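The values are calculated or read from the model by the stated rules, or taken from the named source; none is laboratory data. The shown structure was predicted, so the numbers you read here are calculated from the model rather than taken from an experiment. Virtual Cβ from ideal backbone geometry, glycine too; neighbours counted across all protein chains shown. Calculation scope for accessible area: heavy atoms of the full protein, side chains included, ligands and nucleic acids excluded. Shrake-Rupley method; radii C 1.70, N 1.55, O 1.52, S 1.80 Å.
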Amino acid sequence: MRLKPLVTAGVIVTLLVTSAFAEPGADGAVNILNWQAPSTMNPYLSGSDNDTIPASLVLEPLAGYDDKGELFPRLAADIPTFENGGVSKDLKSITWTLKPGLKWSDGTPVTAKDVAFTAKYCMDPKGGCAALSRFQGVGKVEALDDLTVRVAFKEQTAVPYTLFVSMSSPIIQAKQFANCLGAKAPTCTEANFYPVGTGPFVVTTFKPSDAVQFKANPNYRDSNKPAVAQVNFKGGGDALGAARAVLQTGEYDYAINLQLAPDVLSTMEQAGKGKLLSSFGTWVETLFMNLTDPSPSRPPDERSTAKHPNPILSDLTVRKALSMALDRAMLSDIGYGSMGKPTCDWIPAPANFAAGNTECLKQDIPGAVKLLDEAGWTPGPDGIREKDGKMLKLTFVTTTNSIRNQFQAIIKQWWHEIGVDVELKSLDTSVLFGSDPSSADTYQKFYADVQMWTNYASGTDLGAYVQTYICSQAPRPDTQWQGWNIPRYCDTNYDALVTELANTADIVKRGEIVKKLNTILTDSYAIMPLVWRANVSGISNTLGGPAMNAWDSELWNAQDWYRKK
């Protein structure tokens, strides 16, 4: 029997106790608010923050990244390395050993067979796994015994910490998902909403695009944790309301992704109910160009696929002109102040991977106009350009958020100055980042010309992140519209460099390759980085334990949270 949810109609029940680090569950309830509401508890079917962050309270990987970006073992006994024999001398395999005595939340033992099954689940070509790029180059995953699992790669893999690492690639229970392979994956509602996990909490109530309620996992591996008995995770609303609920009214204990102007946040913080947590990782607010045709006149299985190039944005000249018209410094200052930095790079950190390109930072509207003139896009009577009977008109989509909607309006004006007509559209985050493959409005379907949102890497090695833009990662019907190559970008030179990176162990050389990959993609203008932004959240003054993590789930240490005296 599932518990009746305590989060209904915007009402929160808050239990306050004064003892820190008391017996498990002694610290009552913690109330978390994220204006980007969750749509599933299965990160393999989404990959968006609104889903992977709450799911990380339940499902865990073999290893994760801490708040300093350092790899540490979760379900694994230790981190396999070349020195301890966990990574083979030929760099073609990695062997993980589970901590002994691990149990699923239903009390059954966790074994290496669950790990091997997780790979089978994600690598099924019909499953549409959102984390498939993390399994790139994997040949076989096999359980050697109850506690040992070996991952064999097809080629030398210098940094093998991709699959089963971070909140994007957790271990799922083989028993629960046995009948959910391939095309059946999205149909397993019970498993996708109520996964059996190893984390500090268990889902008791799940309402898609609304709220999730958790209780402490009675079979968590540390019998003294968590101190919190219950987590009420509420989704929806907006960033302003989320900030107010923590920093001013104190209704909530933690608010995720407070994407608001710094002066607004600073004023709220002065109320004395809470404080801001922030950290710069690899978060970049970015424009994504759809290189395929999103027209509704196309058949459903061909719309926004490589079968039909975008009649406007497949022209490199147009994409370059759109980028030249942008004043990234102005956007950064207006939207983020000290919490943002204008950037030309989609990989701004760590320093050894950052290319440091600056060519895009100077706005050049006259140059953009000249470029379009020379390319044969001529202005009509209303100033909107056309070529070969095609109007230069774009549909521009983002989430409903004050900063993003302000950016939309400003960018529309700049693009109008160079002769581009722009139709603006904003969607609730639970819709744009939803996991329903039948929805026409998800960011993976990309039934528009331009999208704007923030993307980032998990961890401090960018091997898995750069794989998101290889040709095979483009979302399409036969992958259940999963895949992170949202622009449908495809360049064999880029793919070849990604392969070279996988075979390169030297950290300096890896940095050089990542910088090249960064520049190849940005020079294509398939994506246009705008602002390198800090990850900002709000925390109640009565809550102890949270440590902002820009490299993994920011709820990464929820088992250590407690109520302050």
Cα extents of segment 76-149 per principal axis, largest first, Å, are 39, 34, 17
Per the 1/(1 + (r/R0)^6) rule, R0 = 30 Å and r from the Cβ atoms of Ser314 and Phe280, FRET efficiency to 0.05 is 0.30
Report in % the part of the accessible area of the chain that belongs to carbon and sulfur, leaving out ligands and nucleic acids; probe 1.4 Å.
-> 53 percent
Residue-ordered couplings for segment 80-92, obtained by feeding phi - 60° into the Karplus form 6.51 cos²θ - 1.76 cosθ + 1.60 and rounding to whole Hz (Gly and Pro as x), are x, 9, 5, 5, 8, x, x, 10, 5, 5, 8, 6, 10
Determine by what factor the alpha-carbon radius of gyration of segment 467-565 differs from 2.2 N^0.38 Å, reporting the quotient.
-> 1.51
Rounded to the nearest whole Å³, what is the per residue volume of the convex hull around the Cα atoms of the chain?
-> 141 Å³
Mind ranking 248-256, 436-444 by how tightly packed they are, going by the mean number of other C-beta atoms within 10 angstrom, highest first?
-> 248-256, 436-444
If the chain between Asp364 and Glu23 were fully stretched, how many nm would it gain, using 0.36 nm times the residue separation less the Cα-Cα distance?
-> 116.6 nm
With r defined as the distance between the Cβ atoms of Leu144 and Asp506 and R0 fixed at 25 Å, what FRET efficiency is calculated, to the nearest 0.05?
-> 0.25
In cubic angstrom per residue, the convex hull of segment 492-550 built on its Cα atoms measures 138 Å³
Taking the chain as the reference, fit the longest principal axis to its C-alpha atoms, fit the long axis of helix 365-374 to the helix C-alpha atoms, and give the angle between the two in degrees, 0 to 90, nearest 10.
-> 60 degrees
To the nearest µm²/s, what D does Stokes-Einstein give for segment 330-441 at 37 °C and 0.692 mPa s, using the Kirkwood radius over alpha carbon pairs as Rh?
-> 196 µm²/s
Separation between the Lys154 and Asp90 pseudo-spin-labels, each 7 Å from Cα along Cα→Cβ, expressed in nm?
-> 1.7 nm
What full-extension length gain, to one decimal in nm, is calculated for Ser472 and Glu423 as 0.36 nm per residue of separation minus the Cα-Cα distance?
-> 14.6 nm
When we measure straight from the Cα of Lys275, which lysines land under 16 angstrom away, once same-chain ones fewer than 8 places off are left out?
-> Lys564
For segment 366-473, the dipole about the Cα centre with charges only on Cβ (Lys and Arg +1, Asp and Glu -1), to the nearest 20 debye, works out at 60 debye
Most positive-pole-ward Cα, Ile347, Ala558, Leu331, against dipole of the chain from beta carbon charges = Ala558
At R0 = 51 Å the Cβ-Cβ FRET efficiency linking Asp301 and Asp106, nearest 0.05, sits at 0.85
Segment 130-199: trypsin sites (Lys or Arg not before Pro) falling in loop per DSSP and having at most 13 other Cβ within 10 Å | Lys154
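Taking the square root of 5 times each eigenvalue of the Cα gyration tensor, what semi-axes in Å does the equivalent ellipsoid of segment 27-102 have, largest first? Before the final figure, lay out the partial values.
Numbers: eigenvalues 189, 46, 28 Å².
They are 31, 15, 12 Å, listed largest first.
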Checked against the positive end of the charge dipole of the chain (+1 on Cβ of Lys and Arg, -1 on Cβ of Asp and Glu, about the Cα centre), the farthest of Thr358, Thr249, Thr292 is Thr249
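Which three semi-axes in whole Å describe the equivalent ellipsoid of segment 403-445, each the square root of 5 times a Cα gyration tensor eigenvalue, listed largest first?
Equivalent ellipsoid of segment 403-445: 26, 12, 6 Å, largest first.
Provide the gained length on full extension for the span Gln270 to Thr189, in nm with one decimal, where the gain is 0.36 nm per separating residue minus the Cα-Cα distance. Let's see the in-between values first.
Working: separation 81, 0.36 × 81 = 29.16 nm, distance 4.34 nm.
24.8 nm is the gain from fully extending Gln270 to Thr189.
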Please report the orientation-averaged projected area of segment 131-235, defined via the convex hull of its C-alpha atoms, in nm².
-> 8.8 nm²
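Over all directions, how big on average is the projection of the convex hull of the alpha-carbon atoms in segment 125-165, in square nanometres?
On the way: hull surface 14.3 nm².
Averaging across all directions leaves 3.6 nm² for the Cα convex hull.
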Going residue by residue through segment 470-484, the Karplus relation 6.51 cos²θ - 1.76 cosθ + 1.60 with θ = phi - 60° gives ³J(HN,Hα) values, rounded to whole Hz and with x marking Gly or Pro, of 6, 3, 6, 8, 6, x, 6, x, 6, 10, 6, 6, 8, x, 9
Theoretical ellipticity at 222 nm over the chain - DSSP helices of four or more residues, -39500 (n - 2.57) apiece, nearest 500 = -6000 deg cm²/dmol
Report ³J(HN,Hα) in whole Hz for each residue of segment 432-445, in order, from the Karplus equation J = 6.51 cos²θ - 1.76 cosθ + 1.60 where θ = phi - 60°; Gly and Pro get x.
-> 4, 9, x, 9, 7, x, 8, 6, 8, 10, 6, 5, 5, 4
From the cross-link list Lys307/Lys516; Lys113/Lys215; Lys113/Lys140; Lys370/Lys412; Lys320/Lys516, the entries with a Cα-Cα span beyond 22 Å are Lys307/Lys516; Lys113/Lys215
Per residue accessible area in Å² of the chain, where ligands, DNA and RNA are left out and the probe is 1.4 Å | 37 Å²
